[in-house]
Amino acid sequence: GMTRFSRDVDLLKWEPVLFRNLAFPSQMLCQGIDGVTSGTRFTSSSGAFMERGVKAGQVIYLYNSAIDSCYEIVAVVSATELTLSVVRGNAEQDPIAVPGGSNLQYRISTFDPQAEEAGEEMLRYFGIDIGSSEEQIRSEMILDGGVLRQASVFSILSAVYASQAGGAEDEAGYWEKSRRYQKLYQAARAGARITLDTDGNLLVNEVRGGGSLRLLRF
């Protein structure tokens, strides 16, 4: 979708065990027990990765007697092969080999639906009506969506932990986490500026802060 400002792997940098502990069954793309890793290659003869909607930027959880961790999906090579990496500092870095193993249980789940929600909420915050025909915001109009990635991550994590929290007496500490990420989200969002290329010439002709304040027009 055009309204996602972050990817699953961005969440992993903040919460390394999120995809192990809090995979939503309704958002699981695929799983298996025949995974094999070698360097950055991951294969599963039972995999149907393309069919199940697996994409680069998502996260795979791998488990056997020696491995219990989550890794970045860098590329979907075929129905049965993925390129994986240990979480990288940035997407320009070469993939980093994951531990080798076989008979790996694996699971690929996503928080893309929450990312869509977060993205739409942020566009509304910036006064962009995503439903309006006169100002149909296309992804290429948002020239520096990167500034919104952090805000998106905090928003998603706050929502995910809130949904799993057992109220204020929550033993897992998810309620506290949700509140902490909500505060980080509000601060990040307040500091963000969105720049729009409203006529498609790739020059910034409008910059907005929160509440649709028009800061600059030329």
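Could you list, in sequence order, all residues of segment 173-194 that are touching a strand residue (DSSP E or B) at 6+ places or on another chain (Cβ under 7 Å) and open to solvent by 50 Å² or more (accessible area, probe 1.4 Å)? The one that is touching a strand residue (DSSP E or B) at 6+ places or on another chain (Cβ under 7 Å) and open to solvent by 50 Å² or more (accessible area, probe 1.4 Å): Arg193. Could we say that Asp8 is touching a strand residue (DSSP E or B) at 6+ places or on another chain (Cβ under 6 Å) and among the acidic types (Asp, Glu) here? Yes.
Filtered by the rule that a residue be touching a strand residue (DSSP E or B) at 6+ places or on another chain (Cβ under 6 Å) and open to solvent by 20 Å² or more (accessible area, probe 1.4 Å), segment 11-21 gives a lone residue, Arg20.
Is it the case that Ile96 is closer than 17 Å to Asp112 by Cβ and β-branched (Val, Ile, Thr)? The answer is no for Ile96.
Among the residues of segment 1-43 satisfying the criterion of being of a type outside the set (Lys, Arg), over 23 Å from Ser65 (Cα atoms) and in a loop (DSSP other than H, G, I, E, B), which is nearest to the chain's Cα centre (by Cα)?
Result: Ser6.
Can you confirm whether segment 92-115 contains a residue that is of a type in the set (Lys, Arg) and in contact (Cβ under 8 Å) with a residue 40 or more places away in the chain? Among the residues of segment 92-115, at least one is of a type in the set (Lys, Arg) and in contact (Cβ under 8 Å) with a residue 40 or more places away in the chain, which makes the answer yes.
Just one of the listed residues (Ala97, Ala56) is at pLDDT 95 or above, touching a strand residue (DSSP E or B) at 6+ places or on another chain (Cβ under 7 Å), in a loop (DSSP other than H, G, I, E, B) and surrounded by fewer than 16 Cβ atoms within 10 Å (Cβ to Cβ), namely Ala56.
Return yes or no: is Ala48 under 23 Å from Leu157 (Cβ atoms) and either among the basic types (Lys, Arg) or outside any strand (DSSP E or B) (or both)? Explain how you work it out, then say what you get.
On the way: under 23 Å from Leu157 (Cβ atoms): no; either among the basic types (Lys, Arg) or outside any strand (DSSP E or B) (or both): yes.
Judged against the criteria, Ala48 is not a match.
In this structure, Val74 does not satisfy being closer than 18 Å to Val98 by Cα, in contact with a strand residue (DSSP E or B) (Cβ under 7 Å, 6 or more places away or on another chain) and part of a helix (DSSP H, G or I).
Hey, could you check segment 68-94 for residues that are under 19 Å from Leu18 (Cα atoms), of a type in the set (A, V, I, L, M) and at pLDDT 95 or above and say which is most open to solvent (accessible area, probe 1.4 Å)? Only one residue tops the list, namely Val86.
The values are calculated or read from the model by the stated rules, or taken from the named source; none is laboratory data. The shown structure was predicted, so the numbers you read here are calculated from the model rather than taken from an experiment. Every residue, glycine among them, receives a Cβ derived from its backbone with ideal geometry; neighbour counts consider all protein chains shown. SASA here: full protein model, heavy atoms, side chains in, ligands and nucleic acids out. Shrake-Rupley method; radii C 1.70, N 1.55, O 1.52, S 1.80 Å.
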